[in-house]
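First comes the structure, then the notes that go with it.
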Amino acid sequence: MPKMKTKSSAKKRFRLTGSGKVRANPSGKRHFLRRRSQKMKRQSRGTMILGASDSRLVKACLPYA
């Protein structure tokens, strides 16, 4: 059997933690920052853990992760 292909867009954007959760960068930090609240900008630093329904879609794109 041939190997399954990994979606290149997903492997650039997501990583798996040791327990199998999906870690991603929060959205909304590129431009138009003056209209966003300080709280939103502060909480968007670093990474976040995706929810169950989103992580199921991501894991389908990363078959060997």
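Data overview
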quantity	calculated
Cβ pairs under 8 Å, 6+ apart, first in segment 1-29 and among the hydroxyl-bearing types (Ser, Thr, Tyr), second assigned to a loop (DSSP other than H, G, I, E, B) and exposed (fewer than 10 other Cβ atoms within 10 Å of the Cβ)	Thr6/Tyr64
Hits in segment 1-42 - residues which are in a helix (DSSP H, G or I) and farther than 17 Å from Pro63 by Cβ	Leu33, Arg34, Arg35, Gln38, Lys39, Met40, Lys41, Arg42
The listed residue being in contact (Cβ under 8 Å) with a residue 24 or more places away in the chain and among the small types (Gly, Ala, Ser), out of Ala52, Ala60, Ala65	Ala65
Subset tally (residues that are under 15 Å from the mean Cα position of the chain (by Cα), surrounded by 11 or more Cβ atoms within 10 Å (Cβ to Cβ) and at negative phi) for segment 7-42	14
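Every read-out reported here was derived from the displayed coordinates using simple, explicitly stated rules and does not represent laboratory data. Everything quoted here is computed from the prediction, not taken from an experiment. Here Cβ is always computed from backbone atoms with ideal geometry, including for glycine, and neighbour counts include all displayed protein chains.
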